[in-house]
Structure formats: structure tokens, C-alpha cells
Amino acid sequence: MPNSISDTTRDVPMIEARGVHKAFGANPVLRGVSLQVRRGEVVAVIGPSGSGKSTFLRCLNHLETIDSGHIAIEGETLASTDAQGRCSYAPEAELRRICRKSGMVFQHFNLFPHLTVLENLIEAPMVVQGVARGAAVARAEALLAKVGLSAKRDNYPERLSGGQKQRVAIARALCMEPDIMLFDEPTSALDPELTGEVLRTMRELAEERMTMLVVTHEMGFAREVAHTVAFMDQGELVAARPAAEFFADPGHERARAFLQHML
Ligand SMILES: Nc1ncnc2c1ncn2[C@@H]1O[C@H](COP(=O)(O)OP(=O)(O)OP(=O)(O)O)[C@@H](O)[C@H]1O
Ligand SMILES: [Mg+2]
């Protein structure tokens, strides 16, 4: 069983999304999605292909722009919608600062191929945060040790296995010292034998009480590590329940059908 979440409801949610709508052209992809994530909570987002999971995740750090709704990160408003339905975002500088509270890990790693592992890790802290090189290197080396890849420090990504690349991508995101980690199917591009090492790294992060939102098809991970399972279908977040409860009874017909298909 996952650890219980230390917070009380008094605390400000780490992520609060309310009534988020987003369409690509005439295709409504998010249709009023609401979700709260508390400090230290691990939420697994599951659901069929095309249900809007990635789009929702990307809206939380402004990789996509929403049409209407409200998103706040640690109590700071990223986007909000007025009574006339006009959606506005925080001013540019504030937006960047708020988005830096979350780190993102993608299915296809997105490492810089022309940089070594170490250079991949120190780039953003130095360029974006203005961290001095020595301090950035120290931070990067500590995180490489944490994900078990100190030996790969000076390798280029093409020399790494998929699992190693993904652990580097996780370390790179952590180098920015985020309060929240967003994962979009971090193991879907990996051979089954490499999935375990990445899930182990994520489990360790969860044990350190990192706030995590994880889009995944790994039902074992969702069951064992996530506190909460959120099920999306056709642009709606139709159920969000404690993981044990969800797997005992998803509480929604479409979620039940999906689960039967997955397990
Ligand atoms: N940049 C885009 N332009 C146009 N349509 C898009 C774009 N990104 C996603 N879509 C569409 O939005 C819908 C939701 O896509 P999304 O990638 O969020 O689904 P998903 O739940 O992550 O699916 P999967 O499990 O396959 O990753 C799909 O119909 C998709 O085709
Ligand atoms: Mg996706």
C-alpha cells in the first residue's frame, strides 16, 4: 500500500484544475476536466487512447493552451476564465515561474542528442535558473547517482538503453528542483525488461513524497504506487478514486470496461 498522504485538506492543492475545456479545431478534446492533486499525492491517469490524457497533462504546464476553465499550481493561478467565458493566462514572467514548479517526463525521453548525459542535466539549471556551473554539476552528479547512472555521466544519449535514457530524463527534470513531476507514459516506449528500472525510480520518488501525476498503462504501478486513480474517457475525467477503491470498484461503467480490458 502507498504511504498515506501527510497533508490535511487545509493545505492548498499542488494542482487544481476546474472545468478545463480544450478543442483542437472542431474536435473537443477536454470537456470540463476537473482534478485536485495534494502535496505528496501520486495520481495515476488512465484511460483509452485519444481520451485526452496527454493534452490534459500538457495544459498543466502550458505546453497547450486551454479554451476555458481554471488551472492553479500551488495556489497560483495559471489560467482562469471570467463570467463572460473569456480565458486569460498569468502574465508571461509569472507564467514561466509557475510552470517551473513542475517537471515533465515524456514517452520518448526528449534528451538533447548532441549533449552528453551531464550536459543534458546542467543545461536548464544554468540557462534558465542561472545556477553556476559548479553547483549545477554537483546537483547533476547527485541526481545521476540517485538514478544509478553515475557511470554514464559523459556518454551521449545514443549510447544508452531506453530505460537508461528515461532515468536520465527523470534526473534532468529533477535538476530543476520541481515541486511536481508530470509523467506522460514514461514506460510505453520501453521493452518490458526495461520498464521495471524506470518504475523503480518513480516508486522511489513517490516514497520521498514527490507530488506526481502519471499518465500510464501500467496497472500494477497504478495499484501499488498511486494514491489516486483518475480515469479519463472521451475528454472527460469520469472517475477519480483512491487506488484500492478504484481497483475494487471503478464506480463507472466505462472505467469498469476499460479495467476489464487492461487486466
Ligand atoms: N496537436 C494536436 N492537434 C490536433 N489534434 C490533437 C493534437 N494533440 C492531440 N490531438 C487530438 O486530441 C485527442 C486527445 O489526444 P491525447 O493525445 O490527449 O490523447 P491520449 O489520451 O493521451 O491518448 P494516448 O493514450 O494514445 O496517448 C485525440 O483525438 C488527438 O488526435
Ligand atoms: Mg497520450
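Taking the criterion of being within 16 Å of ligand 1 (Cβ to nearest atom), in contact with a Leu (Cβ under 7 Å, 6 or more places away or on another chain) and at pLDDT 95 or above, the residues of the stretch 193-229 that qualify are 213, 215.
Of all residues in the stretch 209-263, those satisfying the criterion of being part of a loop (DSSP other than H, G, I, E, B), more than 16 Å from ligand 2 (Cβ to nearest atom) and either in contact with a Gly (Cβ under 9 Å, 6 or more places away or on another chain) or basic (Lys, Arg) (or both) are 209, 210, 227.
Residue-level check: of (1) buried (at least 17 other Cβ atoms within 10 Å of the Cβ); (2) within 25 Å of residue 236 (Cβ to Cβ); (3) of a type in the set (Asp, Glu), residue 82 misses just (1).
Inside the stretch 42-52, residues that are under 12 Å from the mean Cα position of the chain (by Cα) and surrounded by 24 or more Cβ atoms within 10 Å (Cβ to Cβ) make up a count of 3.
Each row is one residue, and each column tells you yes or no for (1) surrounded by fewer than 16 Cβ atoms within 10 Å (Cβ to Cβ); (2) within 19 Å of the chain's Cα centre (by Cα); (3) at pLDDT 95 or above.
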| residue | (1), (2), (3) |
| --- | --- |
| 1 | yes, no, no |
| 8 | yes, no, no |
| 11 | yes, no, no |
| 15 | no, yes, yes |
| 19 | yes, no, yes |
| 29 | no, yes, yes |
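For the stretch 54-72, the candidate set comprises residues that are within 16 Å of ligand 2 (Cβ to nearest atom) and buried (at least 23 other Cβ atoms within 10 Å of the Cβ); within that set, the residue that is farthest from residue 101 (Cα to Cα) is 56.
Checked against (1) surrounded by fewer than 22 Cβ atoms within 10 Å (Cβ to Cβ); (2) touching a helix residue (DSSP H, G or I) at 6+ places or on another chain (Cβ under 7 Å); (3) not acidic (Asp, Glu), residue 124 passes all but condition (2). Picking from residues in the stretch 206-257 that are surrounded by fewer than 21 Cβ atoms within 10 Å (Cβ to Cβ) and under 15 Å from the mean Cα position of the chain (by Cα), the one that is farthest from residue 20 (Cα to Cα) is 209. Consider residue 200 against the criteria (1) in contact (Cβ under 8 Å) with a residue 40 or more places away in the chain; (2) surrounded by fewer than 18 Cβ atoms within 10 Å (Cβ to Cβ): it satisfies all of them except one. Which criterion is unmet? (1) is the only condition that residue 200 fails.
Take the residues in the stretch 108-154 that are of a type in the set (S, T, N, Q) and in contact with a Leu (Cβ under 9 Å, 6 or more places away or on another chain); name whichever of them is nearest to residue 177 (Cα to Cα).
120
Number of residues in the stretch 20-40 that are in contact with a Ser or Thr (Cβ under 7 Å, 6 or more places away or on another chain) and more than 16 Å from residue 62 (Cα to Cα) equals 3.
In the stretch 175-202, the qualifying residues are those that are within 28 Å of residue 126 (Cα to Cα) and assigned to a helix (DSSP H, G or I), and the one that is farthest from ligand 2 (Cβ to nearest atom) is 201. If we keep just the residues of the stretch 73-110 that are more than 16 Å from ligand 2 (Cβ to nearest atom) and of a type in the set (A, V, I, L, M), which is farthest from residue 127 (Cα to Cα)? Taking the candidates together, the pick is 83.
The values are calculated or read from the model by the stated rules, or taken from the named source; none is laboratory data. Note that the coordinates shown come from a computational prediction; the quantities given were computed from them, not determined experimentally. Neighbour counts run over all protein chains shown; Cβ positions are idealised from the backbone, glycine included.
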